[in-house]
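*Asks:* I have a structure I would like to understand better, so I am pasting it below and will then ask my questions one at a time.
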Number of protein chains: 2
Amino acid sequence: MKSTDVAKLQRRAVEVLKKANVSATPKECESIEVADSGLNDVENVGLELLVYENNDRYCAKELIMFPRQMCPEHRHPPLSKANVGKQETFRCRLGEVYLYVEGNPTPSPKAQVPEKYRQHLTVWHEIVLRPGDQYTIKPNTLHWFQAGDQGAIVSEFSSTSVDEADVFTDPNIRRVPVIE
Amino acid sequence: MKSTDVAKLQRRAVEVLKKANVSATPKECESIEVADSGLNDVENVGLELLVYENNDRYCAKELIMFPRQMCPEHRHPPLSKANVGKQETFRCRLGEVYLYVEGNPTPSPKAQVPEKYRQHLTVWHEIVLRPGDQYTIKPNTLHWFQAGDQGAIVSEFSSTSVDEADVFTDPNIRRVPVIE
């Protein structure tokens, strides 16, 4: 991904933050992470992240999603004997988010996934999050999510984030920041 | 504090949340904690809390403060050999907050504290937080804060909250939720 494309997506993410009255400093706006999952199709598979804090005890960030952007299926595995893996709470601030977790598959789910990505989605228990709704994802459990037609902002509160430890169902995905 | 007074302050806190576009469910609005610190002077010393999540790893809440409301000086002591005490990150969402931490006292600080409460304020190193600004308070260090003339909302991201462990400089203070 070209740095000009990254900058464009960052600016677009800032516009979404403004819509939700979420303030960010100019330096933070420039540091918004564009996660394209290595599939080079960020409009469909990817998300934008504003990380407020990530220390050895807790982490907080905003996940900014454009309309129908999806974060592919993954889990946060155990990291040590003392760390059972990242636990995270998603709280919707803007728009609508369709979150899929382990459990009974939901008939007629709201997500709209391009055919080529469906083979790597194995959990279909749907949680719909609207502003003020939240859900906590247990460590080491599979999940994926997609924003609705208007895009979304999700506040994520969690234990320490160690992105490079994430395990994705799709073997083609690599979770590295796209900052060139 | 009478339950009618608590309900009134809760409603007032919800109005502040609306001003900042922070969504909360009806159930959450009813569960907003009014912390009056046991001094029975909540307009001056107290704050309102909307706790999103508090589990054994992390905690996230909104601190809602009316104009010039202050949270009295305290620290979060070590809780065990493995837990050095609560660490917290304050991020201002609305209004202005004057945070005081250990360090060189700031000349002409912005806080306006009623005379009777000044004797229990020992740290005067000022950090001014405006929307988008944040500051992380190390475990077991003294701090207190006051909202500016317009009130404020502060998002607090932290390790687990164990309020009853907090140590206040003013011996008259007890940190218990006021829900009757």
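*Asks:* When each copy gets a label point 7 Å from Cα toward the beta-carbon at A:ASN104, what are the spacings between them in nm, shortest first?
*Replies:* 6.5
*Asks:* Please report, largest first and rounded to whole Å, the three semi-axes of the ellipsoid equivalent to chain A, where each semi-axis is the square root of five times an eigenvalue of the C-alpha gyration tensor.
*Replies:* Sorted largest first and rounded, they come to 22, 19, 17 Å.
*Asks:* Equivalent ellipsoid semi-axes for segment A:11-61, as square roots of 5 times the alpha carbon gyration tensor eigenvalues: give them largest first, rounded to whole Å.
*Replies:* 20, 17, 9
*Asks:* A further question follows. Indicate the gyration tensor shape class of segment B:81-139 (rounded, prolate or oblate), computed on the Cα atoms with a ≥ b ≥ c the square roots of the eigenvalues: a/c under 1.5 is rounded; otherwise a/b larger than b/c is prolate and the rest oblate.
*Replies:* It comes out oblate by the Cα gyration axes.
*Asks:* Hey, can you find the accessible area per residue of the protein assembly as shown for me, probe 1.4 Å, expressed in square angstrom?
*Replies:* That works out to 45 Å² per residue.
*Asks:* Pairs of Cα atoms under 8 Å, at least six residues apart: use those to get the relative contact order of segment B:78-180, whole percent.
*Replies:* Here the relative contact order equals 41 percent.
*Asks:* In terms of the Cα gyration tensor, with a ≥ b ≥ c the square roots of its eigenvalues, is segment B:117-160 rounded because a/c is under 1.5, prolate because a/b exceeds b/c, or oblate?
*Replies:* Oblate shape, in that a/c is at least 1.5 and b/c is the bigger or equal ratio.
*Asks:* What is the Cα centroid distance between segment A:64-141 and segment B:34-72, reported in whole angstrom?
*Replies:* 31
*Asks:* Could you sort out which of B:LYS61/B:LYS116; A:LYS2/A:LYS116; A:LYS27/A:LYS61; B:LYS18/B:LYS138; A:LYS18/A:LYS61 sit more than 20 Å apart by Cα distance in this structure?
*Replies:* The pairs that break the limit, which is 20 Å between Cα atoms, are B:LYS61/B:LYS116; A:LYS2/A:LYS116; B:LYS18/B:LYS138.
*Asks:* Can you tell me how segment B:1-85 classifies by the Cα gyration tensor, rounded, prolate or oblate, using a/c under 1.5 as the rounded cut?
*Replies:* oblate
The values are calculated or read from the model by the stated rules, or taken from the named source; none is laboratory data. Just so it is clear, the structure is predicted and the values come from calculations on it, not from any experiment. FYI the Cβ positions are ideal-geometry reconstructions off the backbone, even for glycines, and counts take in every protein chain you see. Note: accessible area is taken over every heavy atom of the protein model, side chains too, but ligands, DNA and RNA are not part of it. Shrake-Rupley method; radii C 1.70, N 1.55, O 1.52, S 1.80 Å.
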